[in-house]
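Enquirer: One structure is given below, represented as structure tokens, and several questions about it will come after.
The values are calculated or read from the model by the stated rules, or taken from the named source; none is laboratory data. What you see is a predicted model, and the numbers here were worked out from it, not measured in a lab. Backbone-built Cβ (ideal geometry, glycine too); neighbour counts: all protein chains shown.
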């Protein structure tokens, strides 16, 4: 009788212990799940912080670039008549073109360079400056803003209001470039264009 009672108690104790183990396992699983959720949440928070920092950096960089770039360009335009009338061994270069004579001779093979017109203008971005040319032609210069340290220009030549030439250039801020134009008076027109962001 006593042994039977002891056997029942042992079985009851085993059930109780198993129940406690099951409860403990369940609590461990819940704790592990909570820990995993917290880890995932922490990763998401870190990603969000990194994205925020990157966006702030981009915003500040663009803000600085825009503030430095200004909203207009100071552009000097020289209209030059180039020809091959002078001897090869004695090129003729207008004294007013002395500052760009090396550029002209290194790019073009003419022997005579004469300045026809020169002007300096302040041009707002995305607006058009017009320079009158011989033979009912006009030169249009349109600065389109900055691309890094370069100024974007659209250059157009019109004859009687009809476009005959269009090109786009990226001019390093503070520098100049000379581009070829139409024929004129036994030679060709060249355009030296400089730009400084204002």
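Enquirer: Spot the failing condition for residue 91; the list is (1) over 10 Å from residue 190 (Cβ atoms); (2) within 38 Å of the chain's Cα centre (by Cα); (3) surrounded by fewer than 17 Cβ atoms within 10 Å (Cβ to Cβ), and only one is missed.
Expert: The single condition residue 91 does not satisfy is (2).
Enquirer: Could you pull out the residue among 170, 104 that is touching a strand residue (DSSP E or B) at 6+ places or on another chain (Cβ under 6 Å) and assigned to a strand (DSSP E or B)? Lay out the reasoning, then the answer.
Expert: Values: 104 fails: assigned to a strand (DSSP E or B).
So the residue among 170, 104 that is touching a strand residue (DSSP E or B) at 6+ places or on another chain (Cβ under 6 Å) and assigned to a strand (DSSP E or B) is 170.
Enquirer: For region 141-167, give me each residue that is assigned to a strand (DSSP E or B) and within 15 Å of residue 71 (Cα to Cα). Even if it seems obvious, please write down each step before you answer.
Expert: From region 141-167, those assigned to a strand (DSSP E or B) are 141-147, 150-159, 162-167; that's our starting set.
Within region 141-167, 142, 143, 144, 145, 146, 147, 150, 151, 152, 153 qualify.
Enquirer: For the condition at pLDDT 95 or above and under 14 Å from residue 179 (Cβ atoms), what is the one hit in 115, 139, 97?
Expert: Working: 115 fails: under 14 Å from residue 179 (Cβ atoms); 97 fails: under 14 Å from residue 179 (Cβ atoms).
Result of the check over 115, 139, 97: 139.
Enquirer: Within region 118-130, work out how many residues are surrounded by 16 or more Cβ atoms within 10 Å (Cβ to Cβ) and part of a strand (DSSP E or B).
Expert: Initial filter on region 118-130 (surrounded by 16 or more Cβ atoms within 10 Å (Cβ to Cβ)): 123, 125, 129.
In the following step, the residues that additionally are part of a strand (DSSP E or B) were identified as 123, 129.
Total satisfying the criteria: 2.
Enquirer: When residue 122 is evaluated against the numbered criteria (1) more than 25 Å from residue 70 (Cβ to Cβ); (2) in contact (Cβ under 8 Å) with a residue 40 or more places away in the chain, which criterion, by number, is the only one it fails?
Expert: Every condition holds for residue 122 apart from (1).
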